[in-house]
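Peer 1: Take a look at the following structure, please.
The values are calculated or read from the model by the stated rules, or taken from the named source; none is laboratory data. Just so it is clear, the structure is predicted and the values come from calculations on it, not from any experiment. All Cβ positions, even for glycine, are placed from backbone atoms using ideal geometry, and neighbour counts span all protein chains on display.
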Amino acid sequence: MSQSYRPIIWKDDTLLLLDQRLLPQTETFVEVKDLKGCALAIKDMIVRGAPCIGFTAIYGMALWVKAQSSLTVASCRNACDEMISARPTAVNLSFEVNRCFEIMKNGLAENQSKEDLYKKLVAFGDLQIKESHEKNTAMAKIGFEELKKKVGDKKWRLMTHCNTGFLACGSLGTALGVISYANSQGQVEYVYADETRPYMQGTRLTAFELSKENIPYSIVVEGAASYLLSHNKVDAIFVGADRIAANGDTANKVGTSTLAIVAKHYNIPFYVVAPVSSFDVTIPDGSHIEIEMRPINEITELKGIKLAPEGANAVNPSFDVTDHQFITGIICEKGFINPKNPGELVRVVQS
Ligand code: MRU
């Protein structure tokens, strides 16, 4: 199912994005025609989730190249920077766009035609999505083996936060990929999906994905974590990442760090699962990660209905940083990282 159900479709020179703002009630695709439309789709969260933001941006750069009458290295750089500014926290966006820039720069140095560059960028986007399935599968298997070692052979009760399945990753998923794979091996007893306030990725998207895969689950408010963990309802927690610093500090959806701290208190293993494209080893720790502040009406309103009194203030950081000391393990396609071992993360990521 995760192979055939795709949130990003490139077809006949057109980018189609599943409008994730309308899920699960409505499944409809939005047609994106140019760089500005693509950046807006990322900013407005028509498409979201760190890996999918990166893949979408690649096709956005292809659309931009196609629309130009002439190309220079400087104009390519400006267009890349415009795309990167769509959302600040997920490093996958700049990771993929900077790789597009290298393709463009090298192509220009070799006098390649605009048509060739366009085709190269489209092929690059297609390849990244295809390879992401292999990477997610590799991570799922590493997570599965870790659970067998840490929790044992009984069926597992797992918890997750935000959305990390095929809607966020294009295929299978990262944290949810581990859960989905474990379920395919008959090892999942139950999943608790945090509702993920205020944007409700858990209620709307993770529950949608778990339903599609017939995995037994309950949605819980994030405030229920302490209750569930203290009553021995959860064997392990899996989350994704938007940016992981060299020391293992991890930016992920707001609420993740609270969950990790509670997990540490109750001695529940807490894992981060993310591809190498979500790592940023240029920064030493999480204090260097820019946290996106989103509009306050995501908090004060629900689907256009006002909840808070007129004029109420709100603060809406979309992500937070989990200190690496609260993370049991970080899983990427290159292997398992114990963030408590200094230097291990950089060694694995650069291997
Ligand atoms: O704001 P979003 O919905 O793009 O945030 C998504 C998350 O924080 C995910 O947990 C993270 O990107 C990992 S995606 C596999």
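Peer 1: Is it the case that some residue within region 275-282 is free of Cβ contacts under 8 Å to residues at least 40 places away in the same chain and within 16 Å of the ligand (Cβ to nearest atom)? Even if it seems obvious, please write down each step before you answer.
Peer 2: Initial filter on region 275-282 (free of Cβ contacts under 8 Å to residues at least 40 places away in the same chain): 282.
From the residues that got through so far, the ones that are within 16 Å of the ligand (Cβ to nearest atom) too are none.
No, because not a single residue in region 275-282 is free of Cβ contacts under 8 Å to residues at least 40 places away in the same chain and within 16 Å of the ligand (Cβ to nearest atom).
Peer 1: Same structure, new question: Among the numbered criteria (1) modelled with pLDDT of 95 or more; (2) not in a helix (DSSP H, G or I), which single criterion is violated by GLY37?
Peer 2: For GLY37, the failing item is (2).
Peer 1: Let me ask something additional. Considering each of GLU134, GLU96, GLU102 in turn, give the residue that is among the acidic types (Asp, Glu), buried (at least 17 other Cβ atoms within 10 Å of the Cβ) and not in a loop (DSSP other than H, G, I, E, B). Explain how you work it out, then say what you get.
Peer 2: Numbers: GLU134 fails: buried (at least 17 other Cβ atoms within 10 Å of the Cβ); GLU102 fails: buried (at least 17 other Cβ atoms within 10 Å of the Cβ).
Result: GLU96 is the single residue among GLU134, GLU96, GLU102 that is among the acidic types (Asp, Glu), buried (at least 17 other Cβ atoms within 10 Å of the Cβ) and not in a loop (DSSP other than H, G, I, E, B).
Peer 1: Tell me which of these SER257 doesn't satisfy, since it passes every other one: (1) in contact (Cβ under 8 Å) with a residue 12 or more places away in the chain; (2) away from the ligand (no atom under 16 Å from the Cβ).
Peer 2: Going through (1) in contact (Cβ under 8 Å) with a residue 12 or more places away in the chain; (2) away from the ligand (no atom under 16 Å from the Cβ) one by one, SER257 breaks only (2).
Peer 1: Considering each residue of region 292-351, count those that are touching a residue at least 24 places away in the same chain (Cβ under 8 Å) and among the hydroxyl-bearing types (Ser, Thr, Tyr), and give that number.
Peer 2: 3
Peer 1: Specify the residue that is surrounded by the most Cβ atoms within 10 Å (Cβ to Cβ); the eligible residues are those in region 288-314 that are part of a loop (DSSP other than H, G, I, E, B) and within 16 Å of the ligand (Cβ to nearest atom). Outline the logic, then answer.
Peer 2: Restricting attention to region 288-314, the residues satisfying the condition of being part of a loop (DSSP other than H, G, I, E, B) are 289-292, 294-296, 303-304, 307-314.
Narrowing the set further to residues that are within 16 Å of the ligand (Cβ to nearest atom) leaves 289-292, 294-296.
Details: ILE289: 21, GLU290: 11, ILE291: 16, GLU292: 16, ARG294: 18, PRO295: 10, ILE296: 15.
Here the answer is ILE289.
Peer 1: Looking at region 196-221, which of its residues are within 13 Å of the ligand (Cβ to nearest atom) and either part of a helix (DSSP H, G or I) or under 18 Å from ALA263 (Cβ atoms) (or both)?
Peer 2: THR196, GLN201, GLY202, THR203, ARG204, LEU205, THR206, GLU209
Peer 1: Only one of LEU16, LEU71, LEU23 is surrounded by fewer than 24 Cβ atoms within 10 Å (Cβ to Cβ), within 16 Å of the ligand (Cβ to nearest atom) and either polar (S, T, N, Q) or not assigned by TED's automatic domain parsing to the domain that holds GLY177 (or both); which?
Peer 2: Working: LEU16 fails: within 16 Å of the ligand (Cβ to nearest atom); LEU71 fails: within 16 Å of the ligand (Cβ to nearest atom).
From the options LEU16, LEU71, LEU23, the qualifying one is LEU23.
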